[in-house]
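Chemist: One structure coming up, written as structure tokens, with questions to follow.
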There are 6 protein chains.
Amino acid sequence: MIFQQENSFEVKGKIEKSLVAILPIGAVEAHGPHLPLGTDNFLAERLAERVAEKTGAYVLPTLPYGQVWSLKNFPGSINISNESLISFIYDMGVSLYEQGFRVFAIINGHLGNAVAMKEAARKLYAQYPDFKILYLFYPGVKKVTEEVREAKSVHSTYFHACEIETSYMLYLAEEYVDMSKALPEDPQIPMSADVTPTPWEAFTSTAVLGNATLATKEKGEKIIEIAIENMIKLIEGAKRGFKKAE
Amino acid sequence: MIFQQENSFEVKGKIEKSLVAILPIGAVEAHGPHLPLGTDNFLAERLAERVAEKTGAYVLPTLPYGQVWSLKNFPGSINISNESLISFIYDMGVSLYEQGFRVFAIINGHLGNAVAMKEAARKLYAQYPDFKILYLFYPGVKKVTEEVREAKSVHSTYFHACEIETSYMLYLAEEYVDMSKALPEDPQIPMSADVTPTPWEAFTSTAVLGNATLATKEKGEKIIEIAIENMIKLIEGAKRGFKKAE
Amino acid sequence: MIFQQENSFEVKGKIEKSLVAILPIGAVEAHGPHLPLGTDNFLAERLAERVAEKTGAYVLPTLPYGQVWSLKNFPGSINISNESLISFIYDMGVSLYEQGFRVFAIINGHLGNAVAMKEAARKLYAQYPDFKILYLFYPGVKKVTEEVREAKSVHSTYFHACEIETSYMLYLAEEYVDMSKALPEDPQIPMSADVTPTPWEAFTSTAVLGNATLATKEKGEKIIEIAIENMIKLIEGAKRGFKKAE
Amino acid sequence: MIFQQENSFEVKGKIEKSLVAILPIGAVEAHGPHLPLGTDNFLAERLAERVAEKTGAYVLPTLPYGQVWSLKNFPGSINISNESLISFIYDMGVSLYEQGFRVFAIINGHLGNAVAMKEAARKLYAQYPDFKILYLFYPGVKKVTEEVREAKSVHSTYFHACEIETSYMLYLAEEYVDMSKALPEDPQIPMSADVTPTPWEAFTSTAVLGNATLATKEKGEKIIEIAIENMIKLIEGAKRGFKKAE
Amino acid sequence: MIFQQENSFEVKGKIEKSLVAILPIGAVEAHGPHLPLGTDNFLAERLAERVAEKTGAYVLPTLPYGQVWSLKNFPGSINISNESLISFIYDMGVSLYEQGFRVFAIINGHLGNAVAMKEAARKLYAQYPDFKILYLFYPGVKKVTEEVREAKSVHSTYFHACEIETSYMLYLAEEYVDMSKALPEDPQIPMSADVTPTPWEAFTSTAVLGNATLATKEKGEKIIEIAIENMIKLIEGAKRGFKKAE
Amino acid sequence: MIFQQENSFEVKGKIEKSLVAILPIGAVEAHGPHLPLGTDNFLAERLAERVAEKTGAYVLPTLPYGQVWSLKNFPGSINISNESLISFIYDMGVSLYEQGFRVFAIINGHLGNAVAMKEAARKLYAQYPDFKILYLFYPGVKKVTEEVREAKSVHSTYFHACEIETSYMLYLAEEYVDMSKALPEDPQIPMSADVTPTPWEAFTSTAVLGNATLATKEKGEKIIEIAIENMIKLIEGAKRGFKKAE
């Protein structure tokens, strides 16, 4: 169910059956020496494939650029403003709705996209009240993450190129990880970083927010499998409304 | 030189050497029964790889959505407005320039993106006069195309899912083509289509603008090789200014 | 049928009969030493008068400023951004539709306006599907132009202050032409000019893109008469839909 | 000194000498049975010619559309939003400044344009502190108007197609006036019209806000001559700063 | 009837009865040495309370920032652009209408807000034709003001921190006035100030546009009582339409 | 140090000394039967006064409207879009910086404003790198809140009109609380509410997200005092940079 491999003659009926389009969205952003710039894209894509398989959803081509304000001054980062991202996703949503999709599930690999996804979703929802737009960023993994992590989290909401995200990569896209370069960082993030614009070079020179050497495929598996399970449930829940109506 | 596979620690120096970022841009759009919705993405990506190899350029992740107003009512098409596309490309350009790139070569697989690319390029150029932004859509192939084509062109500027584009696909991305479904269309495009908003359902029900059955890999090769050669020349020309300066 | 000379008491019924509003649009732009800055305005106005006469259309006051990015650094040019031009034309269209017009024919004397006209037309068409917006720039003259021209064209789409455009002026607005100053230019436009932002001072210091000394009234007549004929046909075709409905 | 009749080769030096560009701006708007839709354009143009003659200014082509919200539902009116008008005038100002003009005098024939002109002027002034943008709407005529008028004014700031404006037309553009159709209106404008959006059809069916039959060429002359004198003074004052600097 | 002191359980029914929301709007702006920066806010608030009492209207929390372009370079001024102000008021209006209000009376203490209020009102009116938006700035006080004032007005439309405005404050918010610091200014405002962007530092260093020492509570009372009376009438008039409908 | 009570003659020097402007920002929003619509405004204002006292900061007039999308359909809510809020706060920041302030501390009483504040802060920071913009929403109270709360939190990030917020009000603005109407709610918020646009009427009819009957002044005091202490520290930290520079 790779959308861009379908042809126009057959896709119409298949959309009506599937109802669900999944958009993987990530970013091009510095992720330390052991992870590639496209880490968030690889994660989003692999998650999308897994979720699509179980939900009969279409996977759309990845939107591989995101809002990376905090790390935009690090080598390799490409930053898209929230305004641009919001209108891009909004336009996509309009077409998807007009094409017959009723669930637009955005599987996100990069926290910085959260604001734009939510805002775009609200605009679409205002226009099409019977359109379910999901913005999914590892839903429901808080508890399991606390269980598997060995190093203390360096921040209450951010995690980046650390024990956790590196474990995700080891489980989902191991071929892009070079653990020999993983760093055991422990940056001190000042309280002010949460309340005033603070590019991350203020507290890290590596962009690694934690001890990446502690990452393992098994940790990744435990968290990711729960995230996938939750995403499937949320998408099935969203579909249910429309199926009933038929 | 796949940009998103690089890591942040090594990429800085490599950018300074390469200077050139290539963005493949295409669209998700109806292309008849024999070609996939992602045709323009596949073409742009394959072209980008070929051109990057010869120019030492980085290939950025593909921007896989474009402006498809004319075919937006056909099954499977996803339309991005010119406004959204312009700001998205503009934002990318700002980051690329700040990252040290001096040539931003957009390799385009979809004619409908032409307006947005040019407009974004002008905005970037106004802001960074020493930034070369190239928007490349099969440059310099007019003559060879006239030589290889057997069927008469149905329109002076459009070509779509026809003898020509199908030949491109046979040469660059054969695995996505199903020639057994190729149609020998010969739509009559009224003069008015060029002077008033005319969604293409007004003159075609297949989105195939020509005789796709005449497509061959060889025709594709002849045109594509010239396009690639021209793109390489244009990029090398653009680089030259900066190299001299060093 | 000069719209701004009508009075409000009588115009309503006349609009219902005529259905067609013609907007001449041009630019203030450098056109070499032998043609005035307002060349594109004079051409658009004279064409509009001729076409209106035959179609019972109203001629609106000329919008005398356009998008002249390429020549904006030449003395005398006044540049309007595409954004501004799009919203201006869009606003006009809304009023014209509400006033009862059903065909809005924009007769354009300046190629640089093409993008804005088309974009505005699409916005209006999305809002009023029964509104025909025509953007007309010498439609259907390709063949005759190739027949009459003596000098080779310097570019596949641009022509400017050259044999052709000067001939137009000699036929339509001779009083503004000073042939004694006409220049026999033959600028070499590099391939890059089509693929990267290139203000025209890069390849011409005169803004004359061709051999203006070859211009004659007769050449102008041949081309212009065909353009006018085609415009009339296109407008009559656009009107037909509405007349039938009555 | 008609700008669009100049050619690009000679205009540069002339701009440096003149420094002043005059833009006539009006509207297409209902003006009762005795005045044409283009009344405000004709007035602005004639005033501009007179003022230019005395100040060595260039007259730019008329911008013949304006903001006519109040009368937009009357037959023949064409309404431009403030947003569109602001960006259009702003764009013009940028080009005029870059071309070497230092005084941009907008001679306005339509009160509804006042907000847009002022806002555009402020934006330009913020960007170019040494650019004088004048927005001129019959400056300094309050006293003389009170002296010449016979009928009481129907409103403290509006006047429209009435004794006064018709007198202007009789003096400046008599050929467009049909006094045999002039109406002796005396509309009662409620206080609420000044404090809540009130399209004028709420208090007039003719768009004539006063007794047009009282109009005379002589009244027009008295007021207009003072307006012209004031405009000349204001433009000369604006020029003075720059001349001194040389 | 202080809106923000109501609770959500009871307010719905009360809105349906009241129908009227009053928004006091002012500015933070230099007002000379004897008046506080918040002068326009204090005036708007006190007026709103008085008017609400008589009309059964709800008083919304004050919007305490406005467009103060002319005085933005004076110590203490905080300037909001017209664009921002328009969208803010527009958003408020949308919510008020959806909440059941049918009259949105903006009581304004600062002339600079006039453009934004009117523009926002027109946008709201276009969207909700049965929504009455009033923008009220001391309506109908021209005559009484001329009667009470001793010093000649320094400008035909502006008044600022002068005999008149200080009198308003003495009557409505005496506790914020320090008459011992009142200045007897008599600035000469050049004619050009009305026709070209002119920050007020060009003609005053105090921001006091008149003889503030002549201010008295009695003068304030005379004018303000008439303003209040007129505002009540206008609001009652606006309400009447809706009451009838029930 | 109430900014709007200062006068323009004295404020300049005081700004230079103080350097800090505090903007209380809240919302008009449903808060159940026991709390007023202006709850978030009252909280922000009282906090601002307390913090200003200790930091020598100026308190600006409260911006009393915020983004209340989630509760916008509840009686009494007034919703401002993120776009409008961003530009409003941005404009304020520009003026504050130009007036000499170097720390702009926004004390927020309403979580829904978080996105707009952060986005506006980033825009200001991009323009003025030496401008510290703080967005403060009860910073650093997570631990103490967990200690004092008796009822389990109904959501990991939201709290609304519940044990906690009601305790804040009892401590800071007791006069607006009617504990006799407090409800012991325990809404079940589905996981989907975090990943798809979900107006709160989907899971609550009261807008009370928790057991408000458990609120006490003492609980409020414990949390609020820590929030205030943290805000003071953050502001003093922000000021330090500038003081050193002198």
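Bear in mind that the values in this text are calculations on the coordinates, not laboratory data. Predicted, not measured: the structure shown is a model, and the values here were computed from it. Methodologically, a virtual Cβ is constructed for each residue, glycine included, from the backbone with ideal geometry; neighbour enumeration extends over all protein chains shown.
Yes/no matrix, rows are residues, columns are (1) among the basic types (Lys, Arg); (2) out of contact with any strand residue (DSSP E or B) (no Cβ under 8 Å at 6 or more places or on another chain):
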{"residue": "C:28", "(1), (2)": "no, no"}
{"residue": "C:40", "(1), (2)": "no, no"}
{"residue": "C:44", "(1), (2)": "no, no"}
{"residue": "C:50", "(1), (2)": "yes, yes"}
{"residue": "C:54", "(1), (2)": "yes, yes"}
{"residue": "C:57", "(1), (2)": "no, no"}
{"residue": "C:63", "(1), (2)": "no, no"}
{"residue": "C:69", "(1), (2)": "no, no"}
{"residue": "C:73", "(1), (2)": "no, yes"}
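Chemist: Among the candidates B:36, B:24, which residue alone is under 14 Å from the mean Cα position of the chain (by Cα) and either under 23 Å from residue B:242 (Cα atoms) or of a type outside the set (A, V, I, L, M, F, W, C) (or both)?
Modeler: Residue meeting the stated conditions: B:24.
Chemist: Restrict the check to the range B:183-203 and report whether at least one residue is surrounded by 16 or more Cβ atoms within 10 Å (Cβ to Cβ) and farther than 30 Å from residue C:128 by Cα.
Modeler: yes
Chemist: Which condition does residue B:76 not pass, out of (1) in contact with a helix residue (DSSP H, G or I) (Cβ under 6 Å, 6 or more places away or on another chain); (2) on the phi < 0 side of the Ramachandran plot; (3) surrounded by 23 or more Cβ atoms within 10 Å (Cβ to Cβ), if it passes all the others?
Modeler: Here residue B:76 clears every test but (2).
Chemist: On to the next question. Under 6 Å between Cβ atoms, at least 6 apart or on separate chains: pull out the pairs that start in the range C:1-22 with a residue that is under 21 Å from residue C:63 (Cβ atoms) and end on any residue that is charged (D, E, K, R) and assigned to a helix (DSSP H, G or I).
Modeler: C:19/C:239
Chemist: Could you tell me which of the residues E:222, E:239, E:217 is without any contact (Cβ under 8 Å) to a residue 60 or more places away in the chain and not β-branched (Val, Ile, Thr)?
Modeler: E:217
Chemist: Another question about this same structure. Go through (1) within 18 Å of residue F:241 (Cβ to Cβ); (2) within 16 Å of the chain's Cα centre (by Cα); (3) touching a residue at least 60 places away in the same chain (Cβ under 8 Å) and name the single condition residue F:140 misses.
Modeler: All conditions are met except number (1).
Chemist: Out of the residues in the range A:40-79 meeting the condition of being in a helix (DSSP H, G or I), among the small types (Gly, Ala, Ser) and closer than 28 Å to residue F:115 by Cβ, tell me which one is farthest from the other protein chains (Cβ to nearest Cβ).
Modeler: That would be A:48.
Chemist: So residue A:188 ticks every box in (1) within 12 Å of another protein chain (Cβ to nearest Cβ); (2) assigned to a loop (DSSP other than H, G, I, E, B) but one. Which box is left unticked?
Modeler: The failed condition is (1).
Chemist: Taking the conditions exactly as written (more than 10 Å from every other protein chain (Cβ to nearest Cβ) and surrounded by fewer than 20 Cβ atoms within 10 Å (Cβ to Cβ)), does residue F:123 satisfy them or not?
Modeler: Taking the combined requirement at face value, the residue does not satisfy it.
Chemist: I'd like the full set of residues that are part of a loop (DSSP other than H, G, I, E, B) and small (Gly, Ala, Ser), limited to the range A:92-105.
Modeler: Within the range A:92-105, A:100 is the sole residue that qualifies.
Chemist: For the range A:195-214, how many residues meet the condition of being without any contact (Cβ under 8 Å) to a residue 60 or more places away in the chain and not in a loop (DSSP other than H, G, I, E, B)?
Modeler: Here the count works out to 2.
Chemist: So residue B:32 passes all but one of these: (1) in a helix (DSSP H, G or I); (2) crowded, with 24+ Cβ neighbours inside 10 Å. Which condition number does it fail?
Modeler: All conditions are met except number (1).
Chemist: Could you list all residues from the range F:122-131 that are among the aliphatic types (A, V, I, L, M) and free of Cβ contacts under 8 Å to residues at least 24 places away in the same chain?
Modeler: Residue satisfying the conditions is F:126 alone.
Chemist: Taking the options D:120, D:105, name whichever one is over 24 Å from residue E:67 (Cα atoms) and either out of contact with any Phe, Trp or Tyr (no Cβ under 7 Å at 6 or more places or on another chain) or of a type outside the set (Phe, Trp, Tyr) (or both).
Modeler: The conditions single out D:105.
Chemist: Would you confirm whether any residue within the range F:138-155 is small (Gly, Ala, Ser) and in contact with a helix residue (DSSP H, G or I) (Cβ under 7 Å, 6 or more places away or on another chain)?
Modeler: yes
Chemist: Which is within 14 Å of chain B (Cβ to nearest Cβ), buried (at least 18 other Cβ atoms within 10 Å of the Cβ) and within 20 Å of the chain's Cα centre (by Cα), of C:238, C:215, C:207, C:173?
Modeler: C:238
Chemist: Which count do you get for residues in the range F:80-95 that are under 18 Å from residue E:27 (Cα atoms), out of contact with any Asp or Glu (no Cβ under 7 Å at 6 or more places or on another chain), surrounded by fewer than 24 Cβ atoms within 10 Å (Cβ to Cβ) and facing chain E (nearest Cβ under 7 Å)?
Modeler: Qualifying residue count, the range F:80-95: 2.
Chemist: Give the range D:195-204 a look and list any residue that's closer than 16 Å to residue D:156 by Cα and more than 10 Å from every other protein chain (Cβ to nearest Cβ), or say none.
Modeler: D:200, D:203
Chemist: Further question on the same structure: Give me the pairs: first residue in the range A:101-119 and touching a residue at least 40 places away in the same chain (Cβ under 8 Å) and more than 10 Å from chain F (Cβ to nearest Cβ), second residue among the hydroxyl-bearing types (Ser, Thr, Tyr) and part of a helix (DSSP H, G or I), beta-carbon distance under 8 Å, and six or more apart or on different chains, which are they?
Modeler: Filtered contacts from the range A:101-119: A:101/A:18; A:109/A:39; A:112/A:70.
Chemist: Right, residue B:222: more than 30 Å from residue B:19 (Cβ to Cβ) and part of a helix (DSSP H, G or I) or not?
Modeler: Yes.
Chemist: Moving on. Looking at E:19, E:37, can you tell me which residue is among the hydrophobic types (A, V, I, L, M, F, W, C), within 11 Å of another protein chain (Cβ to nearest Cβ) and over 23 Å from residue F:43 (Cα atoms)?
Modeler: Only one candidate passes the filter, namely E:37.
Chemist: Here are C:180, C:167, C:153: which of them is surrounded by fewer than 17 Cβ atoms within 10 Å (Cβ to Cβ), within 24 Å of residue C:67 (Cα to Cα) and more than 9 Å from chain B (Cβ to nearest Cβ)?
Modeler: Within the list C:180, C:167, C:153, the selection yields C:153.
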